[in-house]
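Undergrad: Just passing along the structure, written as structure tokens.
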Amino acid sequence: MIKIASRPFDFLDKAIGKQILVHLKEGKDVRGKLEAFDQHMNLAISDATELEDGEKKQKIGQVILRGDNIFYIST
Amino acid sequence: MIKIASRPFDFLDKAIGKQILVHLKEGKDVRGKLEAFDQHMNLAISDATELEDGEKKQKIGQVILRGDNIFYIST
Amino acid sequence: MIKIASRPFDFLDKAIGKQILVHLKEGKDVRGKLEAFDQHMNLAISDATELEDGEKKQKIGQVILRGDNIFYIST
Amino acid sequence: MIKIASRPFDFLDKAIGKQILVHLKEGKDVRGKLEAFDQHMNLAISDATELEDGEKKQKIGQVILRGDNIFYIST
Amino acid sequence: MIKIASRPFDFLDKAIGKQILVHLKEGKDVRGKLEAFDQHMNLAISDATELEDGEKKQKIGQVILRGDNIFYIST
Amino acid sequence: MIKIASRPFDFLDKAIGKQILVHLKEGKDVRGKLEAFDQHMNLAISDATELEDGEKKQKIGQVILRGDNIFYIST
Amino acid sequence: MIKIASRPFDFLDKAIGKQILVHLKEGKDVRGKLEAFDQHMNLAISDATELEDGEKKQKIGQVILRGDNIFYIST
């Protein structure tokens, strides 16, 4: 109904293969390389690291991250 | 069913390319330039800054912000 | 299936152009003039003021308010 | 698939024009006259009063109440 | 896709006209006679009593109870 | 779109008539015999017992348990 | 609308038969072998162990895990 030049998912598409930071609920962050995403904003991330309150908590390797709990994705 | 002259998303459309402030759950705010949005109120914002309790917390660059966690968008 | 004389959204339609008070989750209120709404109860409000615990917190100008977080709208 | 004699919304339909008490999340109650409802359990209530922990807090006039936050409606 | 002999709602159907206990979020319980239900698990209950932490809190008469906040229904 | 040999609900189907433990939100558990389930993961359980923090709290007989609040079902 | 080479669920598909770690809300983790999944990210896991704050809490055998409460799945 509304014509728009681009959409938020186009920006996600451009981030494929690049480092992203995903800011989640409950003060969690996940950093890593964006491998894939879908229309629910579910993400596949490789070489991922979990951070809590900005500090490195643990390496979590390859993860499938559920879109529901995302605040924002910094690309 | 209800005829209305304009819709909330029309106001969002007019804000494309302009500075906005997004007020999120858990006392978070994100400021930056609105690049794109979709029907779920997902936003793409450039030159974004995260604020916590009104104070600048960190620069977060370009972000894709999930519509679910938005309280309001000040345009 | 159920015949009803009017619907809640008809009452919202009558409030277009008038001052409303929106009572939100987390003890927030937004006052201002209703400009537009949609079927998700998303609202566009102009000359908006945010209140916290009933006291004026800040002017927020024109806002797009997400329907999800609304408790009630006082018209 | 299941044949039932009546449905919960029929009971709401019978309450149109009558005093109801709406018990909401976060310990809030709203009393007033039911004017309208829809299939999402959104309600329009006139001469409404908000109560907190059972005590009268403030008169809120005519309200559109979002169905999402309702625990139960006492008719 | 999966053939099943009966469904949870069949058990609810058998409880029509009988006393039930509804266990809700936030430690609330409602007891009363099941009058009606729909596919969202919304319930109409008559002669209802609200209990908090297992103790009788107040009589609430006839209620329409929203399915969203139900943990379980004991029939 | 993705071909998979079996689905989680097939495992639930095999548990019909058997003892299960349902781990719910807010630290609640329900044990009993699985009688029925539907596509929303709503369950009908007979001879059910509620446990809180792993300890038996009360017998709740036959229950219809809402799928929304389930963390996992141990079969 | 957007062409993408792979999707997050493809990564989940490759993890069938392998050990995964599921990070859930409320600080819970479940480890075990992925047996099946569906489009809601519901999972069937065998030889599962529940962990709380990273420490082994209890063996929970075969579980059906609801997709709603998942933060991420480490494969």
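The values are calculated or read from the model by the stated rules, or taken from the named source; none is laboratory data. Predicted model, so just to flag it, every value in this text is computed and none were measured. Virtual Cβ from ideal backbone geometry, glycine too; neighbours counted across all protein chains shown. Surface accessibility is based on the protein's heavy atoms, side chains included, excluding ligands, DNA and RNA. Shrake-Rupley method; radii C 1.70, N 1.55, O 1.52, S 1.80 Å.
Undergrad: Of the numbered conditions (1) more than 21 Å from B:LEU34 (Cα to Cα); (2) modelled with pLDDT under 95; (3) under 11 Å from the mean Cα position of the chain (by Cα), A:LYS59 satisfies every one except a single condition; which is it?
TA: (3)
Undergrad: Let me spell it out: the conditions are (1) in contact (Cβ under 8 Å) with a residue 24 or more places away in the chain; (2) of a type in the set (Gly, Ala, Ser); (3) closer than 26 Å to E:ASP13 by Cα, and F:GLY61 meets all of them except one. Which number is the exception?
TA: Result: F:GLY61 passes all but (1).
Undergrad: Which ranges mark the strands (runs of 3 or more DSSP E) fully within chain G that have 1 or more residues being within 24 Å of A:MET41 (Cα to Cα) and of a type in the set (Ser, Thr, Tyr)?
TA: Strands (runs of 3 or more DSSP E) meeting the threshold: G:70-74.
Undergrad: Residues of segment C:11-37 being touching a helix residue (DSSP H, G or I) at 6+ places or on another chain (Cβ under 6 Å) and under 25 Å from B:LYS28 (Cα atoms), which ones?
TA: C:LEU24, C:LYS25, C:PHE37
Undergrad: Would you say G:ALA5 is modelled with pLDDT of 95 or more, closer than 30 Å to A:ALA15 by Cα and surrounded by fewer than 22 Cβ atoms within 10 Å (Cβ to Cβ)?
TA: No, not satisfied.
Undergrad: Test C:PHE71 against the criterion of being under 23 Å from D:GLU35 (Cβ atoms), of a type in the set (Phe, Trp, Tyr) and at pLDDT 95 or above, and give yes or no.
TA: Spelling it out, it is not the case that C:PHE71 is under 23 Å from D:GLU35 (Cβ atoms), of a type in the set (Phe, Trp, Tyr) and at pLDDT 95 or above.
Undergrad: Touching a residue at least 60 places away in the same chain (Cβ under 8 Å) and among the basic types (Lys, Arg): which single residue out of G:LYS56, G:LYS14, G:LYS33, G:LYS25 fits that description?
TA: After applying the criteria, what remains is G:LYS14.
Undergrad: Which residues, counting only those in segment D:38-53, are closer than 22 Å to E:ARG31 by Cα and in contact with a strand residue (DSSP E or B) (Cβ under 7 Å, 6 or more places away or on another chain)?
TA: If the condition is that a residue be closer than 22 Å to E:ARG31 by Cα and in contact with a strand residue (DSSP E or B) (Cβ under 7 Å, 6 or more places away or on another chain), then D:MET41 is the only one that fits.
Undergrad: I'm trying to understand the selection: among the residues of segment G:16-75, which are open to solvent by 20 Å² or more (accessible area, probe 1.4 Å), more than 10 Å from chain F (Cβ to nearest Cβ) and of a type in the set (A, V, I, L, M)?
TA: Once the filter is applied, which keeps residues that are open to solvent by 20 Å² or more (accessible area, probe 1.4 Å), more than 10 Å from chain F (Cβ to nearest Cβ) and of a type in the set (A, V, I, L, M), segment G:16-75 yields only G:LEU21.
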